[in-house]
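Q: Next up is a structure, given as structure tokens.
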Amino acid sequence: MKNVIATLIAGLFATAAFAQSPAAPAASAAPAKVEAAHTKAVVKADAKEAQAVVKADAKEAKAVVAAKTEVASAKTEATASKAKAHHKAKHTKAKADAKLGSATAEAAPAAAK
């Protein structure tokens, strides 16, 4: 949207400069050329500014996409880490329960003697 507005403004300056008829064609040829050159420089500067704005917006959008990708990657890694931790804890609890059962089974016959 900014590019469209910048282009319209640049077009307005360009048409305004070239649409005026000179008052005295022979006497004011040099000032008209200077004004045309000035207008051309202004339009060129506006175009460069608009191009720089577009590049900056594109760079910002790219950075936002990269940041969203990094966040999604971090979320995926966190989910995987949580699942791995849950699995490890479950396995460790099962081992501890097995040890307790084994120790209880060994203690019961020794207590019965």
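Q: Only one of these is in a helix (DSSP H, G or I), surrounded by 12 or more Cβ atoms within 10 Å (Cβ to Cβ) and either at pLDDT 85 or above or more than 21 Å from the chain's Cα centre (by Cα) (or both): Glu60, Glu49. Name it.
A: Selected residue: Glu49, the only one of Glu60, Glu49 that is in a helix (DSSP H, G or I), surrounded by 12 or more Cβ atoms within 10 Å (Cβ to Cβ) and either at pLDDT 85 or above or more than 21 Å from the chain's Cα centre (by Cα) (or both).
Q: Pick from Ala67, Ala110, Ala98, Ala105: which is of a type in the set (Gly, Ala, Ser), at pLDDT 85 or above and out of contact with any Pro (no Cβ under 8 Å at 6 or more places or on another chain)?
A: It is Ala67.
The values are calculated or read from the model by the stated rules, or taken from the named source; none is laboratory data. What you see is a predicted model, and the numbers here were worked out from it, not measured in a lab. Reconstructed Cβ throughout: ideal geometry from the backbone, glycine too, with neighbour counts over all protein chains shown.
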